[in-house]
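K.L.:
Below is the structure I would like to discuss, written out as structure tokens.
FYI, it's all coordinate maths here, none of it is from the lab. Since this is a predicted model, take the numbers as computed values, not measurements. Methodologically, a virtual Cβ is constructed for each residue, glycine included, from the backbone with ideal geometry; neighbour enumeration extends over all protein chains shown.
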Amino acid sequence: MARHVVMFCNHYQKEVLAVLSAKAYADVHPVFFPGVCGQPPLAWKTLHESLLEKIECDSVDVICGPCISGMDASLPGYHYFNITGLKQCFHMVANPDLIDQYQKIGCYLVTPGWLKRWDYFIRHWGFDQQTARDFFAESTTGIHLLDTGVDTDAIRNLQAFSAFVNRPWHVTTVGLGFLDLLLNNIVLKRQLAVQRREQGRLLEDKQRETSQYAMSLDLLKTLTTAREEGEVVQKIIEIFEMLFAPGILSCRMIEEPGLESKPTLSGNPNRFILPISLSGRILGQLEIGEFQFPEYTTQYLNLASNILSVCGLAIENARHYQTMKNLSNTDGLTQIANRRRFDEHLISEWRRMGREEKPVGIIMLDVDLFKRYNDYYGHQAGDDCLRSVAAVLQKICRRPGDLAARYGGEEFVVVLSGADDDGAMHRAGMIRDAVENLHIPHADSDVSRYVTASLGVAARIPTSRFSANDLVLAADKALYQAKMSGRNRVVAARDVS
Ligand code: GH3
Ligand code: MG
Ligand code: MG
């Protein structure tokens, strides 16, 4: 437990030390301020600066009569600050009623600590012996020692003082019992306050933790609505931002799952790298740090680890979803987009280009005399041939918005977003050349020694009167025309009547 300073007037130093030495108050540290009886009170600010500022402690108790001025009930820098302001300092060692009784009958009360310095005070108050005698004769019936029993010189000092002021003297033995009770009370009160504060803090921590868990559960629910991995990562970032308000936050996914690792520091003691893992496999890493409330770092890391295990699940789900989506959008034989993907892509590009008032180009491609090819070389070779043609198309579709798809059988389609008739014709010409240049022998073809293809091309700026379907029909018509006019060629829809 941190140090507890108890401040008393130095007139009670012996009494306080005697009580403390008989007790096992390990953390209590007494500090004494100078007694100023009958003089202006001490300024608290000066006292604090001269006595307390050098002492390391978290709790301060000041026990005093009206001899300190300017004390504030709260003192910054201490967890606990308490003032026991007594009407008179005699109340430290004896019952206030008893003190009252003595004073009512005109007793001038003194303690052993004061008596040690009686001549100093007489001088300081400006008395010589005669004026002192006059004063005491007028205002007192006698000098009365409250004897605490700590000073063997007390009686002798009492006698000397009484003789000086020419007053009778009396002694009441008060002992240390009263002071003992007072100190005990002060120490216990402070211990209780510290315990309460500690419990309050624990309770507060628990409440914060519970509300964070509740909040994280709510936030984690949003993860279940995210399908794409990028969306999941974005939501993870949002969750961590909401919960911890960190200064540093980034999330990096790892494509190939790695080995499980523990949270690590990244050189900076306020920066942590946490694994996003599932069943012992690392799927990614979250870098987090410089929390707004660094005192809760350990709790934050615990909560973060729990949340990240759910995040791992969400990432894995997103990856499964992506794989399934890819499978359902890919043609099994050629591994390029399938008809379903083409339909979706064309619709979305048609809308997008419609807004931008730009054309969409489309190329329909049909392998020439492919039935004969199959018949001549076998179905297996036919499959290989289709794969090679698909690869040519894929290679040519490198621009964003472009898509090559297998339309069905030996027919393919290419979407060229933003391409007008000329652009689409140019690309179709390249495709035709590239297919023939594959130099796949086709011995049974009338058209060439090699496998060739016919292509129909159409391009239009989307309008409400001309649909994406109309564009496909136009390209198909042009393809038919290419077949009719001898195959291994490109025909533009604009040239078809
Ligand atoms: P045209 O020049 O007029 O297009 O003649 P074609 O023989 O290519 O046209 P047709 O429609 O008569 O024949 C298409 C052939 O494509 C028939 C079919 O066996 C073949 N085919 C369709 N899908 C596949 C496939 O997945 N693998 C293989 N090996 N052949 C396929
Ligand atoms: Mg065909
Ligand atoms: Mg064909």
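K.L.:
Let me have the 222 nm mean residue ellipticity of the chain computed from DSSP H runs of 4+ only, each contributing -39500 (n - 2.57), with the sum over all residues rounded to the nearest 500.
P.N.:
Values: 15 runs with 230 residues, N = 497.
Using -39500 (n - 2.57) per qualifying helix, the result is -15000 deg cm²/dmol.
K.L.:
Same structure, new question: Ranked highest first by the average count of other Cβ atoms within 10 Å around their residues, in what order do 336-345, 97-106 fall? Working shown, then result.
P.N.:
On the way: 336-345: 18.6, 97-106: 12.9.
Averaged packing, sorted descending, gives the order 336-345, 97-106.
K.L.:
Helix 129-139 sits at what angle to the longest principal axis of the chain, using alpha carbons and giving 0 to 90 degrees rounded to 10?
P.N.:
80
K.L.:
Give me Rg/Rg_expected for segment 180-221, where Rg uses Cα atoms only and Rg_expected = 2.2 N^0.38 Å with N residues.
P.N.:
1.98
K.L.:
Taking only C-alpha pairs under 8 Å that are 6+ residues apart, what is the relative contact order of segment 339-495 in percent? Write out the running numbers ahead of the final one.
P.N.:
Values: 297 pairs, mean separation 47.2, N = 157.
Relative contact order of segment 339-495: 30 percent.
K.L.:
Once you have the alpha carbon radius of gyration of segment 94-173, what is it after dividing by 2.2 N^0.38 Å, with N set to its residue count?
P.N.:
Details: Rg = 12.1 Å, N = 80, 2.2 N^0.38 = 11.6 Å.
Here the Cα radius of gyration is 1.04 times the empirical estimate.
K.L.:
Could you work out the equivalent-ellipsoid semi-axes for segment 1-147, taking the square root of 5 times each eigenvalue of the Cα gyration tensor, largest first, in whole Å? Before the final figure, lay out the partial values.
P.N.:
Working: eigenvalues 193, 59, 38 Å².
In descending order, the three semi-axes are 31, 17, 14 Å.
K.L.:
Quick one: dipole size for segment 4-91, taken about the Cα centre, charges +1 on Lys/Arg Cβ and -1 on Asp/Glu Cβ, in debye to the nearest 20.
P.N.:
Charge dipole, segment 4-91, about its Cα centre: 300 debye, nearest 20.
K.L.:
What's the magnitude of the charge dipole for segment 339-495 around its Cα centre, counting Lys and Arg as +1 and Asp and Glu as -1 at the beta-carbon? Answer in Debye, nearest 20.
P.N.:
360
K.L.:
Per Stokes-Einstein, at 20 °C and 1.002 mPa s, what whole-number D in µm² s⁻¹ belongs to the chain, with the Kirkwood radius over Cα pairs as the hydrodynamic radius?
P.N.:
D, rounded to a whole number, is 66 µm²/s.
K.L.:
Where does helix 229-244 land angle-wise versus the long Cα axis of the chain, in degrees 0 to 90, nearest 10?
P.N.:
Here the helix axis deviates by roughly 10 degrees.
K.L.:
Then there's this: Show me, for segment 57-70, the HN-Hα J-couplings you get by feeding each phi into the Karplus relation (A = 6.51, B = -1.76, C = 1.60, θ = phi - 60°), rounded to Hz, glycine and proline as x.
P.N.:
After applying 6.51 cos²θ - 1.76 cosθ + 1.60, I find 7, 10, 9, 9, 10, 10, 10, 7, x, x, 9, 10, 10, x Hz.
K.L.:
Give the Kirkwood hydrodynamic radius (Å, one decimal) of segment 199-325, defined as one over the mean of 1/r across all pairs of different Cα atoms.
P.N.:
15.0
K.L.:
Another question, if that's okay. Taking H placed 1.01 Å from N in the peptide plane, check which residues at least 5 places from T148 or on another chain put their amide H under 5 Å from its amide H.
P.N.:
Hits under the 5 Å cutoff: V174, G175.
K.L.:
Still on this structure: So what J values fall out for segment 154-164 if you push phi through Karplus, 6.51 cos²θ - 1.76 cosθ + 1.60 with θ = phi - 60°, rounded to Hz, Gly and Pro as x?
P.N.:
Using θ = phi - 60°, the values come out as 4, 5, 4, 4, 4, 4, 4, 5, 4, 5, 4 Hz.
K.L.:
Now for a separate question. To check you understand DSSP bridge types, tell me what percent of the beta bridges within the chain (both residues inside) are antiparallel, rounded to 5.
P.N.:
Bridges in the chain are about 60 percent antiparallel.
K.L.:
Still on this structure, please answer the following. Specify which residue in the list M7, I347, P168 is farthest towards the positive end of the charge dipole of the chain, using unit charges on the beta carbon of Lys, Arg (+1) and Asp, Glu (-1), about the Cα centre.
P.N.:
My answer, from the dipole projection, is I347.
K.L.:
Let me ask something else about it. If we count every other residue with Cβ under 14 angstrom of M425's Cβ, Lys/Arg +1 and Asp/Glu -1, where does the sum land?
P.N.:
That sum, taken over residues with Cβ under 14 Å, equals 0.
K.L.:
Using only the C-alpha atoms of segment 4-91, find the volume of their convex hull and express it per residue in Å³. Let's see the in-between values first.
P.N.:
Details: hull volume 8.4 nm³, N = 88.
Normalising the Cα hull of segment 4-91 by residue number yields 96 Å³.
K.L.:
With a 10 Å radius around each residue's Cβ, average the other Cβ atoms per peptide and rank 235-247, 402-414, highest first.
P.N.:
402-414, 235-247
K.L.:
What nm value, rounded to one decimal, do you get for the distance between D470 and T173 when each label is placed 7 Å out toward the C-beta?
P.N.:
12.2
K.L.:
Out of residues 5 or more away from V62 or on other chains, whose amide H comes under 5 Å of its own, with H placed 1.01 Å from N in the peptide plane?
P.N.:
M7, N82, I83, T84
K.L.:
Another question about this same structure. What number, in percent, do you get for the relative contact order of segment 4-91 if the mean sequence gap of Cα pairs under 8 Å and at least 6 apart is divided by its residue count? Working shown, then result.
P.N.:
Details: 127 pairs, mean separation 27.7, N = 88.
Reported relative contact order: 32 percent.
K.L.:
Then there's this: List the aspartates and glutamates whose Cα sits under 14 Å from the Cα of K477, skipping any in the same chain fewer than 8 residues away.
P.N.:
D366, E411, D495
K.L.:
Averaging over all projection directions, find the projected area of the Cα convex hull of segment 387-483 and quote it in nm² with one decimal place.
P.N.:
Averaged projected area of segment 387-483's Cα convex hull equals 6.5 nm².
K.L.:
Please report the relative contact order for segment 35-74, taking Cα pairs under 8 Å with a sequence separation of at least 6, and give it as a percent rounded to a whole number.
P.N.:
Computed value for segment 35-74: 64 percent relative contact order.
K.L.:
Specify the angular offset, from 0 to 90 degrees and rounded to the nearest 10, of the alpha carbon long axis of helix 13-22 from the longest principal axis of the alpha carbons in the chain.
P.N.:
Helix 13-22 sits at roughly 60 degrees to that axis.
K.L.:
Taking 0.36 nm per residue of sequence separation and subtracting the Cα-Cα distance, how much length would be gained by fully extending the chain between N166 and R372, in nm to one decimal?
P.N.:
59.7 nm is the gain from fully extending N166 to R372.
K.L.:
Taking +1 at the Cβ of each Lys and Arg and -1 at the Cβ of each Asp and Glu, which of Q101, S417, L223 sits farthest along the dipole of the chain towards its positive end, judged by Cα position relative to the Cα centre?
P.N.:
With unit charges placed on the Cβ atoms, the residue in question is S417.
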